[in-house]
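The values are calculated or read from the model by the stated rules, or taken from the named source; none is laboratory data. Here the structure is a predicted model, which means the values were calculated and not measured. Using ideal geometry, Cβ is built from the backbone for each residue, glycine included, and neighbour counts are taken over all protein chains shown. These accessible areas exclude ligands, DNA and RNA; they are computed on the full protein's heavy atoms, side chains included. Shrake-Rupley method; radii C 1.70, N 1.55, O 1.52, S 1.80 Å.
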Amino acid sequence: MITALDHIAIAVPDFEKAIKRFRQDFGLSLEGTEDVEAAKTSTAFFPLPATNIELVHPLRGEGPIAKYLEKRPGGLHHLCFRSDNIEADVARLREKGYQFLTDEPSPGAHGSQVIFIHPRSCDGVLIEINQPADAH
Ligand code: CO
């Protein structure tokens, strides 16, 4: 079951500069940064009531965010729905014809399990489904 809008992710070409903007200019507090090896992505999370802003940046200059930034100067990258049972949600959506970027969920930030629905299945929007580490 989908339970919340977990975060909105913005792809940024200059990680430190973007973190500074959200901290100093917008006054949000940085929860922390984390390199997600499985996604070749550096992440920074700014919790806001009911959701988070996630900055995503290429880890060591490679991976999916690097490819995204080759074509654009940065931008709104994906929406993330929180799930309390990712396997069940993926199975249900596959049954309805949704295509996913990978066959199985993979590790995300904060020890979560994540999978992405292909944008062609959602009117051009990349949607992540995320089961937090503490969900059962
Ligand atoms: Co995300």
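Side notes on the structure shown:
- For the stretch 98-110, a residue qualifies if it is more than 12 Å from the ligand (Cβ to nearest atom) and at pLDDT below 95, and exactly one does: Tyr98.
- If you go through the stretch 82-131 and keep only what is assigned to a helix (DSSP H, G or I) and open to solvent by 30 Å² or more (accessible area, probe 1.4 Å), you end up with Glu87, Ala88, Ala91, Arg92, Arg94, Glu95, His110, Gly111, Pro119, Arg120, Ser121.
- Qualifying residue in the stretch 56-66 (condition: within 12 Å of the ligand (Cβ to nearest atom), under 17 Å from Leu101 (Cβ atoms), of a type outside the set (Gly, Ala, Ser) and not in a helix (DSSP H, G or I)): yes
- Looking only at the stretch 1-27, residues that are part of a helix (DSSP H, G or I), open to solvent by 30 Å² or more (accessible area, probe 1.4 Å) and of a type in the set (A, V, I, L, M, F, W, C) come to 0 in all.
- Scope the stretch 28-51; condition away from the ligand (no atom under 14 Å from the Cβ), of a type outside the set (A, V, I, L, M) and not in a strand (DSSP E or B); matching residues: Ser29, Glu37, Pro49
- Filter result for Ser42 (surrounded by 15 or more Cβ atoms within 10 Å (Cβ to Cβ), in contact with a Leu (Cβ under 6 Å, 6 or more places away or on another chain) and of a type outside the set (D, E, K, R)): yes
- Taking the stretch 75-122 as the range and being among the acidic types (Asp, Glu) and under 24 Å from His57 (Cα atoms) as the test, the residues that pass are Asp103, Glu104.
- Taken over the stretch 54-76, the criterion of being touching a strand residue (DSSP E or B) at 6+ places or on another chain (Cβ under 9 Å) and either open to solvent by less than 30 Å² (accessible area, probe 1.4 Å) or among the acidic types (Asp, Glu) (or both) is satisfied by Glu54, Leu55, Val56, Pro58, Leu59, Gly63, Ile65, Ala66, Gly74, Gly75.
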